[in-house]
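> Handing you this structure, nothing more for now.
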Amino acid sequence: MVEKSYDVIVIGAGPGGYVAAIRAAQLGYKTAVIEREHLGGICLNWGCIPTKALLRAAEIYHLIQNAKAYGIHADNVSFDLPKLIARSRKVADKLSRGVGHLMKKNKITVIDGDATLLGKGKIGVTKDGSSIAEYDAPHIIIATGSRAKELPHMPVDGKMICTYKQAMVPESLPKSLLVIGSGAIGIEFASFYRTLGVQVSVVEQMDRILPLEDEEISALAAKAFIKSGMNLLTGSIAESVKKSSSNLITTIKNAVGELQKIETERIILAIGITGNVENIGLENVGVTVDQGNIHTDGWGRTDVEGIYAIGDVAGPPWLAHKAMHEGVICVEKIAGLTNVHPINPNNIPACTYSSPQIASVGMSEAAAIEAGHEVKVGRYPFLANGKAIALGESEGTIKTVFDTATGELLGAHMIGTDVTELIQGYTIAKTMEGTEEELMHTVFPHPTLSEMMHESVLNAYGRTLHL
């Protein structure tokens, strides 16, 4: 018999939800998690993990195509799209089952169904429209995640006009593709499809791609993508689309009102996400929703006692690792732990797993100056690093931004191979409030890509050793 009363109930088993549930169980709370679809949520099943499997396949394909540069002969290179997609789905399924194991290990009850807040501390659960049961808990954490935004004049049909979900499991590759939006999701799909030989165009409303990244890194990324054969249309919007039996003709308007038409076989919408705030009973308890996000404080508390929200549904940045950390903070605050601190957005790394990769943490150079800092900026190119040259990956840059007066590391920005793995070094330094002095006195192993992180710091202070 399933218990009806718990100390903590989490609605949603995505990265934030299942981590919050695990931490609650670790702290001795009787915990349940309600999930209507897949353990692991969008990230694990349809986002972070399976897309990385796809991008890895594209990376290997590209590497083999260029094997001659390494003295290796590999002729007639091809790929099997169904097997490539199947591997991605297998990876996602394995990790989803892994979350199920973690729930059992931590003695967390998993309830299959749709949750609705019935009142303070009370939740009703339905499945396929039928009521299953009602549950109660003094602490309810909403972790319902988000979904892709859509354009009213471009209705998604899942075949010719797609969101990330359909783009991840194509039955065939189109010859041509238009990606609308150049954030991390849009650029990752553009990179994947382009590497496999698709003619790709990207439309971005802002004046540059990856508009949340440092302007200099954004420009380097654009240069690399154009070199790969990608068509980038910045400062532009997709105004309308006409659909035929086999093609889409999209009218693009630029910043000065000029129109051009692009004909493609497929469109991927990557214009952002919106929180899943509907149909969960927020109106029954009076939780405040602002522009599609649940309003919370630094510990995930809503304006209704006993109800919390974490992850995408609580607003940007919409990142799985941010959701996980919020889940831990939220539960530890509930438990009354004294060493709990609100998450600092400036210490949350951002990663784009395209080719080349892009990663950053903290302020861009422009943002730091706008915030009133006098800055010192360091740069170090991949082409001056022995490991990068040995890997055949000499395109890229690492950029660091410091406060001149205090030496505080304000931001770090990278483009190049494996930078999504490197960025955590600077993230740790920022979290520990490190300065240039600590970073300069840190010993970096040789030969590694990480040495460039050291050299970029040295460069900011005129002390570069290998350039």
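The values are calculated or read from the model by the stated rules, or taken from the named source; none is laboratory data. Just so we're clear, the structure is a prediction, and the values are computed from it rather than from any experiment. When we count neighbours, we look across all protein chains shown, and the Cβ atoms used for this are built from the backbone with ideal geometry, even at glycine.
> T417 - would you say it is closer than 19 Å to L212 by Cα and buried (at least 18 other Cβ atoms within 10 Å of the Cβ)?
no
> Pick out the one residue from L117, L95, L102 that is at pLDDT 95 or above, out of contact with any strand residue (DSSP E or B) (no Cβ under 9 Å at 6 or more places or on another chain) and either of a type in the set (S, T, Y) or in the same structural domain as G327 (by TED's automatic domain parsing) (or both).
The conditions single out L102.
> Sort through E365, E451 and tell me the only one that's more than 30 Å from L63 (Cα to Cα), outside the structural domain of A190 (by TED's automatic domain parsing) and acidic (D, E).
E365
> Having 3 or more residues that are touching a residue at least 40 places away in the same chain (Cβ under 8 Å) is the bar; report the strands (runs of 3 or more DSSP E) wholly within segment 227-298 that clear it.
Of the strands (runs of 3 or more DSSP E) lying wholly inside segment 227-298, those with at least 3 residues that are touching a residue at least 40 places away in the same chain (Cβ under 8 Å) span 236-243, 248-254, 259-264, 266-269, 273-275.
> Sticking with this structure for a sec: For segment 24-68: of the residues being basic (K, R) and either outside the structural domain of K90 (by TED's automatic domain parsing) or touching a strand residue (DSSP E or B) at 6+ places or on another chain (Cβ under 9 Å) (or both), which is farthest from A320 (Cα to Cα)?
Ranking the qualifying residues of segment 24-68, first place goes to K30.
> Right, here's the next one. I428: outside any loop (DSSP other than H, G, I, E, B) and either of a type in the set (D, E) or under 18 Å from E365 (Cβ atoms) (or both), yes or no?
no
> So, in segment 87-119, of the ones that are among the hydrophobic types (A, V, I, L, M, F, W, C), part of a helix (DSSP H, G or I) and more than 22 Å from the chain's Cα centre (by Cα), which residue ends up surrounded by the fewest Cβ atoms within 10 Å (Cβ to Cβ)?
Filtering segment 87-119 for residues that are among the hydrophobic types (A, V, I, L, M, F, W, C), part of a helix (DSSP H, G or I) and more than 22 Å from the chain's Cα centre (by Cα), the one surrounded by the fewest Cβ atoms within 10 Å (Cβ to Cβ) comes out as L102.
> Restrict the check to segment 211-224 and report whether at least one residue is over 17 Å from I262 (Cα atoms), in a helix (DSSP H, G or I) and in contact with a Cys (Cβ under 8 Å, 6 or more places away or on another chain).
No, because not a single residue in segment 211-224 is over 17 Å from I262 (Cα atoms), in a helix (DSSP H, G or I) and in contact with a Cys (Cβ under 8 Å, 6 or more places away or on another chain).
> Output yes when any residue across segment 53-76 is over 30 Å from I389 (Cα atoms), in a loop (DSSP other than H, G, I, E, B) and not aliphatic (A, V, I, L, M), and no when none is.
Taking every residue of segment 53-76 in turn, none turns out to be over 30 Å from I389 (Cα atoms), in a loop (DSSP other than H, G, I, E, B) and not aliphatic (A, V, I, L, M).
> Here's another thing I want to ask about it. In segment 50-96, how many residues are in contact (Cβ under 8 Å) with a residue 40 or more places away in the chain, closer than 16 Å to E171 by Cα and of a type in the set (A, V, I, L, M, F, W, C)?
Residues that pass the stated criteria total 4.
Every residue, every condition in (1) buried (at least 20 other Cβ atoms within 10 Å of the Cβ); (2) assigned to a loop (DSSP other than H, G, I, E, B); (3) under 18 Å from the mean Cα position of the chain (by Cα); (4) at pLDDT 95 or above, yes or no:
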{"residue": "I123", "(1), (2), (3), (4)": "yes, no, no, yes"}
{"residue": "S131", "(1), (2), (3), (4)": "no, no, no, no"}
{"residue": "I141", "(1), (2), (3), (4)": "yes, no, no, yes"}
{"residue": "K159", "(1), (2), (3), (4)": "no, yes, no, no"}
{"residue": "E171", "(1), (2), (3), (4)": "no, yes, no, no"}
{"residue": "V179", "(1), (2), (3), (4)": "yes, no, yes, yes"}
{"residue": "S182", "(1), (2), (3), (4)": "yes, yes, yes, yes"}
{"residue": "S191", "(1), (2), (3), (4)": "yes, no, yes, yes"}
{"residue": "V200", "(1), (2), (3), (4)": "yes, no, no, yes"}
